[in-house]
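To start, the structure itself, in structure tokens.
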Amino acid sequence: AKGRAHNQHSLFQWEMQENVTARAKLEGELRSAIEDRSIVPFYQPLIDLKTGSLCGFEALARWRKLDGTFVPPDRFIPVAEETGLITTLFSQLLQTACRDAAAWPEHLTLSFNVSPIQIEDRLLVNRILQIMKDTGFGAPRLEIEITENALMGDPDLAAATLQKLHAAGIQVALDDFGTGYSSLSQLARFQFDKIKIDKSFVSGSVANEKNAKIIGAILSLGRSLNLKTTVEGIEENSQLGYYLGQGCDFGQGYLFGKAMPQEEVPAFIRNRTEI
Ligand code: C2E
Ligand code: CA
Ligand code: CA
Ligand code: CA
């Protein structure tokens, strides 16, 4: 029994070591990828559910390896956050996205994710404004998406950042709504223009009556607080019909389109406008 415990212990240590090595490798690769500009924004369409028209795109980071495969953002964004690389990565991606989006038709917006740790960066708003100046992309067309976890650390600093964004004319959305802590108190304390309901509530939710009811309640709460609402992860027509009926403003999901490279955006805009 003693031998077995010993073996398990070694196995555990071995796995830990493996993780540390894999992690160090990923960090090194991430650093080079940022230097080589191998991480670029893709764009996922946002649809006005009432009219069915395209109203903008969310920028989603895509890391393309030399062999053509992609590293998903859920793997490298956390590493970028922990190593501080997120600041450089953010500036690069926002710069590219604003330059791309400045060439889209005037009425289309750009949504961009900001990591929770960036909310406590006092230079964040200045950096955003400088990029908008450099690219000529107008503040009212930009929407910053932040998750509720961003507001937990230093709420006063977070509130000041949101205030500065609003003062500059930039829209702010509360992302992944319902998945973090104390969502409702965040709505009372901070100023948002929009809430985005996370796709975890949506998958199969028309079939899952409880989830559908929760979303219905969030949508009516949003309405009474004068907030716009987006439902994320719409994959089926039945879901589209349901959330439209519940008064949701905007939709995002594979039903309308996955995130695509900039080269594919003009054709998507053309096709979507002809319909
Ligand atoms: P998010 O902000 O909640 O973005 C929505 C995610 O849902 C995206 O995953 C998108 O591809 C996916 N999605 C959209 N519609 C559907 C659908 O109908 N079905 C399914 N199954 N999925 C759908 P993605 O691109 O893998 O990004 C994951 C997360 O990584 C994002 O979640 C966001 O938190 C983070 N992320 C991505 N790009 C950036 C970035 O530039 N900066 C920061 N800070 N975070 C980013
Ligand atoms: Ca988002
Ligand atoms: Ca997220
Ligand atoms: Ca989400």
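Consider Arg99 carefully, then state whether it is among the basic types (Lys, Arg), open to solvent by 40 Å² or more (accessible area, probe 1.4 Å) and either in contact with a Lys or Arg (Cβ under 7 Å, 6 or more places away or on another chain) or farther than 21 Å from Leu174 by Cα (or both). Yes.
If I filter the stretch 29-39 for residues that are within 16 Å of ligand 2 (Cβ to nearest atom) and assigned to a strand (DSSP E or B), do I get at least one hit?
First pass over the stretch 29-39, keeping only residues within 16 Å of ligand 2 (Cβ to nearest atom): none.
Scanning the stretch 29-39, I find no residue that is within 16 Å of ligand 2 (Cβ to nearest atom) and assigned to a strand (DSSP E or B), so the answer is no.
Suppose the filter is within 16 Å of ligand 3 (Cβ to nearest atom), closer than 24 Å to Leu46 by Cα and touching a residue at least 60 places away in the same chain (Cβ under 8 Å); does Asn149 pass it? Judged against the criteria, Asn149 is not a match. For the criterion of being in a loop (DSSP other than H, G, I, E, B) and open to solvent by less than 40 Å² (accessible area, probe 1.4 Å), Gly68 passes.
Assess whether Phe137 counts as being aromatic (Phe, Trp, Tyr), out of contact with any Phe, Trp or Tyr (no Cβ under 9 Å at 6 or more places or on another chain) and in contact (Cβ under 8 Å) with a residue 24 or more places away in the chain. Against the criterion (aromatic (Phe, Trp, Tyr), out of contact with any Phe, Trp or Tyr (no Cβ under 9 Å at 6 or more places or on another chain) and in contact (Cβ under 8 Å) with a residue 24 or more places away in the chain), Phe137 qualifies.
Within the stretch 120-140, does at least one residue satisfy the condition of being of a type outside the set (Phe, Trp, Tyr) and within 15 Å of the chain's Cα centre (by Cα)? Taking every residue of the stretch 120-140 in turn, none turns out to be of a type outside the set (Phe, Trp, Tyr) and within 15 Å of the chain's Cα centre (by Cα).
On inspection, Ser203 passes the criterion of being within 16 Å of ligand 3 (Cβ to nearest atom) and hydroxyl-bearing (Ser, Thr, Tyr).
Has the stretch 86-93 got any residue that is more than 16 Å from the chain's Cα centre (by Cα) and either more than 16 Å from Ile39 (Cα to Cα) or small (Gly, Ala, Ser) (or both)? No, the stretch 86-93 has no match at all. Scanning the stretch 220-272 for residues that are away from ligand 4 (no atom under 16 Å from the Cβ) and on the phi > 0 side of the Ramachandran plot returns Asn226, Gly247, Gly257. Evaluate the stretch 30-44: report whether one residue or more is modelled with pLDDT under 95 and β-branched (Val, Ile, Thr). Checking the stretch 30-44: not a single residue is modelled with pLDDT under 95 and β-branched (Val, Ile, Thr).
Here Phe76 clears all of (1) out of contact with any helix residue (DSSP H, G or I) (no Cβ under 9 Å at 6 or more places or on another chain); (2) free of Cβ contacts under 8 Å to residues at least 60 places away in the same chain except the condition numbered (1). The one condition from (1) farther than 18 Å from Gly56 by Cα; (2) surrounded by fewer than 19 Cβ atoms within 10 Å (Cβ to Cβ) that Lys228 does not meet is (1). Counting only residues that are more than 13 Å from ligand 3 (Cβ to nearest atom) and surrounded by fewer than 22 Cβ atoms within 10 Å (Cβ to Cβ), which one in the stretch 107-118 is modelled with the lowest pLDDT? Of everything passing the filter in the stretch 107-118, Ile117 is modelled with the lowest pLDDT. Of a type outside the set (Phe, Trp, Tyr), open to solvent by 50 Å² or more (accessible area, probe 1.4 Å) and on the phi > 0 side of the Ramachandran plot: is that true of Arg62 in this structure? Judged against the criteria, Arg62 is not a match.
Here is a yes/no grid of residues against (1) more than 16 Å from ligand 3 (Cβ to nearest atom); (2) open to solvent by less than 90 Å² (accessible area, probe 1.4 Å):
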{"site": "Ala24", "(1), (2)": "yes, yes"}
{"site": "Leu30", "(1), (2)": "yes, yes"}
{"site": "Glu35", "(1), (2)": "yes, no"}
{"site": "Pro41", "(1), (2)": "no, yes"}
{"site": "Pro73", "(1), (2)": "no, yes"}
{"site": "Ile77", "(1), (2)": "no, yes"}
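Does the stretch 142-196 hold any residues that are among the aliphatic types (A, V, I, L, M) and within 13 Å of ligand 4 (Cβ to nearest atom), and which are they? Outline the logic, then answer.
Initially, the stretch 142-196 is screened for residues among the aliphatic types (A, V, I, L, M), giving 142, 144, 146, 150-152, 157-160, 162, 165, 167-168, 170, 172-174, 184, 187-188, 195.
Within the stretch 142-196, Ile146, Ala173, Leu174, Ile195 qualify.
The single condition among (1) modelled with pLDDT of 95 or more; (2) under 19 Å from Thr230 (Cβ atoms); (3) within 12 Å of ligand 1 (Cβ to nearest atom) that Ala150 does not meet is (1).
The values are calculated or read from the model by the stated rules, or taken from the named source; none is laboratory data. Quantities reported herein were computed from a predicted structural model and do not represent experimental measurements. Reconstructed Cβ throughout: ideal geometry from the backbone, glycine too, with neighbour counts over all protein chains shown. Accessible surface areas use protein heavy atoms only, side chains included; no ligands, DNA or RNA. Shrake-Rupley method; radii C 1.70, N 1.55, O 1.52, S 1.80 Å.
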